[in-house]
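So the structure is just underneath, and the comments pick up after that.
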Amino acid sequence: MSLDKLLVTGDPLILFSQIAIGLTMVGLVALITYLKRWKWLWNEWFTTVDHKKIGIMYIISGVLMFFRGGVDGLLMKAQTSRPDMEFLDAQHYDEIFTTHGVIMILFMAMPMLIGIMNVVVPLQIGARDVAFPKLNALSFWLFFAGAMLFNLSFVVGGSPDAGWTSYFPLAGKEFTPGVGNNYYAIALQIAGIGTLATGINFVVTITKMRAPGLKWMRLPIFTWSTFVTSIIIVAAFPILTVALAYMSLDRLFGTHFFTVAAGGDPMLWLNLFWLWGHPEVYIVVLPAFGMFSEIIATFARKNLFGYKSMVFAVVGIAFLSMLVWVHHFYTMGNSAAVNSIFSLTTMMIAIPTGVKIFNWLFTLRKGRIEFTNPMLWSLAFIPCFTIGGVTGVMLAMAAADYQYHNTMFLVAHFHYVLIPGVVFAVFAAVYYWWPKMFGFKLNEKIGKWHFWLFVIGFNFTFMPMFFVGLDGMSRRMYTYSESTGWGAWLGFSAIGSLVMAAGFAAFCYNIYWSFRYAERNVGNDPWNARTLEWATASPAPHYNFAKVPEVDSLDDFWYKKKAGKLGLKKSDIKPIHMPSNSWTPIFISVAFGIVGFFLVFEWFTLAIISSVLIIIGLIANTFDYDDGYHIPAEEVEEEEREWRGELE
């Protein structure tokens, strides 16, 4: 591709976006320079290996991607709000629903959840950091490089347009010759490597770095769900890596893994994609289940009902998630026997999921419920997710799926699964663990505006899709005639999306308001919670715990708090060993981004030359013999006195 075709031109919306992005970047650089914050950013954030700061960077990235994906959703809703609408043309609509799906699942849901896992899990198990802090930083920066590369397609070269599933032969070069789907293949590959490294890191962290006495059946349920999720990541993401590698070879080098005419098979892509894709649903939902469990137990003022059954349910869901992928393409020529087997395995997932619903309901029973913002999101999740689950059982029946397949009914179903199961959870978790990250609460009153606007808007937006889907509306239709009778439903849905957007705006305003005005002295345990992360200061110090805690039971913090056994003796404070910051993770990731950009445009010579940067980064990292540093006992003692008062 010649340089004069790099920028996407000819669309006023994109031109406006290009100008806005350019001005925002210039303004941001000018502001940081004016405030003289470059050194601070480099030392405190860009090179950090602290799991809490990395978690916060994941969350900030997720919020930005939520905005980007949300705008895509609003544009789609504007286009379908009236019959014969001409707000977007077919090509632009294809690109927007593709980027909306990819961004919301891979670049919004994943970083938000991994961010919260990063902040909370090491604290919940009494560790000072994750097992591989530098790898953790590399994971974040690889994700970020992939996300930025994918978003670049919007203004440079053109967006992918084959749907978030990128089915072949549509995603092949013969039908989409532009660079859009190259972005898909390369950007997801880079981000996926980071996610796979995260999975490995958390498996090792939870296995090897638990505090003394913290046995498996004493783990907080969120840590359990993170552990099981990490195992699914390790099992499923290599499949995506292979699929994307085949896709890249087909598109960049003319191989024919998925080309029928040359002996390839498009169904190979479908099988590989959904072998990763369905477990991916549980990769984003299982941590959410853990979050809701922690929050419901805290604000019902009871221990979690059926803890062991909850653990077995999480493990059962993870196992079954690898055995159901064919239900995504019942209609594509499988035999009745194959469809029946996958229909059964799919419906079996309803059993452990139902167990969890009853666990939460029985935890609430006779509880002294406090309707805080985290609890409101958790309570709203149960009925909304149940609607998503029940419609999922309908779709699991192969014979019935021939009616629902590829309709808006399916779109409504997975939004009723993923928005309550992920977005509600993320909001609940952010409100709940915000004090542990920043030392103050988000405003409860503004939070309730956020909650009601978003939940009402969500139901207004997606409930009508069930009805138009049952009436025969296919997904991904960019226009329709008035004679279909769908105009009123879809117009109502578009209004609902605006209400949801207002809810998200309230959330952003809440962050701004709370940073400026919220009370700072909320203590280390503002919710009267049950798990170990609340045993240390808010925000947590960079060493997490002055003394590694010893655990005697499930909800150990709760019982020791009630017994007044949480004091710290001055004699217990020793120098603490911590890992040093490192520049190599961000350097390697930027190099990956540069190489990826050249590969997208098939500038292979430049890609090979810039690959040297990756090798330089890896060599520098290999010969980095920095063993970290020690925090003096006096410094730890002083920091502990600030929030504990006098030590014992």
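The values are calculated or read from the model by the stated rules, or taken from the named source; none is laboratory data. Every value quoted in this text rests on a predicted model; they were computed, and no experiment measured them. All Cβ positions, even for glycine, are placed from backbone atoms using ideal geometry, and neighbour counts span all protein chains on display. Protein only, heavy atoms only, side chains kept; ligands, DNA and RNA dropped before computing areas. Shrake-Rupley method; radii C 1.70, N 1.55, O 1.52, S 1.80 Å.
By definition, a body whose alpha carbon gyration tensor gives a ≥ b ≥ c is prolate when a/c is 1.5 or more and a/b is larger than b/c, and region 1-103 fits this prolate description. Among CYS384, GLY593, TRP141, whose Cα lies farthest out toward the positive end of the dipole of the chain, if unit charges sit on the beta carbon of Lys, Arg (+1) and Asp, Glu (-1)? About the Cα centre, the residue reaching furthest to the positive side is CYS384. About the centre of its Cα atoms, the chain shows a dipole size close to 1840 debye [charges on the beta carbon of Lys, Arg (+1) and Asp, Glu (-1) only; nearest 20 debye].
Taking all Cα pairs closer than 8 Å and separated by 6 or more residues, the relative contact order of the chain comes to 17 percent. Stretching ASP84 away from SER309 to a fully extended chain increases their span by 75.8 nm, per 0.36 nm per residue minus the current alpha-carbon distance.
The portion of the accessible surface of region 424-575 made up by carbon and sulfur, rounded to a whole percent, is 61 (1.4 Å probe; DNA, RNA and ligands excluded).
Sparsely packed loop sites in region 42-103 (the GluC sites (Glu not before Pro) outside DSSP H, G, I, E and B with at most 13 other Cβ atoms within 10 Å) comprise GLU86. With a threshold of 20 Å on the Cα-Cα distance, the over-threshold entries among LYS208/LYS565; LYS366/LYS436; LYS302/LYS562; LYS302/LYS561; LYS52/LYS574 are LYS208/LYS565; LYS366/LYS436; LYS52/LYS574. Considering all C-alpha pairs of region 242-372, those separated by over 22 Å amount to 53%. Site-free segments of the chain were taken between chymotrypsin sites (Phe, Trp or Tyr not before Pro) in DSSP loops having at most 15 other Cβ atoms within 10 Å, sites themselves excluded; the longest one is 372-582. Residues whose amide H comes within less than 5 Å of that of THR407, counting only those at least five positions distant or on another chain, are ARG475 (H built at 1.01 Å from N in the peptide plane).
Could you please state how large a percent of the accessible area of region 1-88 is carbon and sulfur, counting protein chains only and using a 1.4 Å probe? Ligands and nucleic acids excluded, carbon and sulfur reach 73 percent. Note on region 409-447 and region 148-180: Cα centroid distance 31 Å, given to the nearest whole angstrom. The residues of the chain expose, per residue, 41 Å² of accessible area to a 1.4 Å probe.
Where in region 510-598 are there trypsin sites (Lys or Arg not before Pro) that are in a DSSP coil and have at most 11 other Cβ atoms within 10 angstrom of their Cβ?
The qualifying sites are ARG520, LYS565, LYS569.
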